[in-house]
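What follows is calculated from the coordinates using simple rules that are stated; it is not laboratory data. The shown structure was predicted, so the numbers you read here are calculated from the model rather than taken from an experiment. Don't worry about glycine lacking a Cβ; one is built from the backbone with ideal geometry, like all the others, and counts go over all protein chains shown.
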Amino acid sequence: MKKGTIKVSVLYPSGEGKHFDMNYYSNNHVSLLQKLLGNAIIGATIEKGLGGSAPGEIAPFEAIGNLYFESMESFQNSFGPNAPAIMGDLPNFTDIEPIVQIAEVIL
């Protein structure tokens, strides 16, 4: 991704008794994002947690979703009006309250 791109990361912390449906997330939720945000998204990745820093340690996150946008304005203009629909889909795949980070790609 090029320098200056905006990266929106949505992190879903692991924890006992927490539910995360990777199949729904990767097939349905991402399709919803593509439909609602359209060409504003210039890239996307999904990461599935496999482990922590020590052997046998549980991954700190069940999943991390990353969306890339040309600018903060592009992100805000596309996400803002669609936030209720996007956030409303969360109960369909998880009961985890996500952590969101918005960052600028430096390298």
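Note that region 5-22 has calculated 3J(HN,Hα) couplings of 5, 9, 10, 10, 9, 10, 10, 10, x, 6, x, 4, x, 7, 10, 8, 9, 4 Hz, one per residue in order, obtained from phi through the Karplus relation 6.51 cos²θ - 1.76 cosθ + 1.60 (θ = phi - 60°); glycine and proline are x. The distance between label points at S14 and M1 comes to 2.3 nm (points 7 Å beyond Cα on the Cα→Cβ vector). When the charge dipole of the chain is built from unit charges on Cβ atoms (+1 for Lys and Arg, -1 for Asp and Glu) and taken about the Cα centre, the candidate among P81, L11, A63 whose Cα reaches farthest toward its positive end is P81. Around the Cα centre of region 11-68, unit charges on the Cβ atoms of Lys, Arg, Asp and Glu (plus for the first two, minus for the last two) sum to a dipole of about 220 debye.
What size of dipole, in debye to the nearest 20, comes out for the chain about its Cα centre when the only charges are +1 on Lys and Arg C-beta atoms and -1 on Asp and Glu C-beta atoms? Each step should come with its number before you reach the end.
On the way: 6 positive and 11 negative charges, 74 e Å.
Charge dipole, the chain, about its Cα centre: 360 debye, nearest 20.
Rounded, prolate or oblate, given the Cα gyration tensor of the chain, with a/c below 1.5 counting as rounded? Taking the square roots of the gyration eigenvalues as a ≥ b ≥ c, the chain is oblate.
Here K35 is the anchor, and the lysines within straight C-alpha reach of less than 25 Å, apart from those fewer than 8 places off in the same chain, are K2, K7, K48.
Grab the Cα-Cα distance for M72 and M22, subtract it from 0.36 nm times how many residues apart they are, and report the gain in nm with one decimal. Let's see the in-between values first.
Numbers: separation 50, 0.36 × 50 = 18.00 nm, distance 2.77 nm.
Full extension from M72 to M22 adds 15.2 nm.
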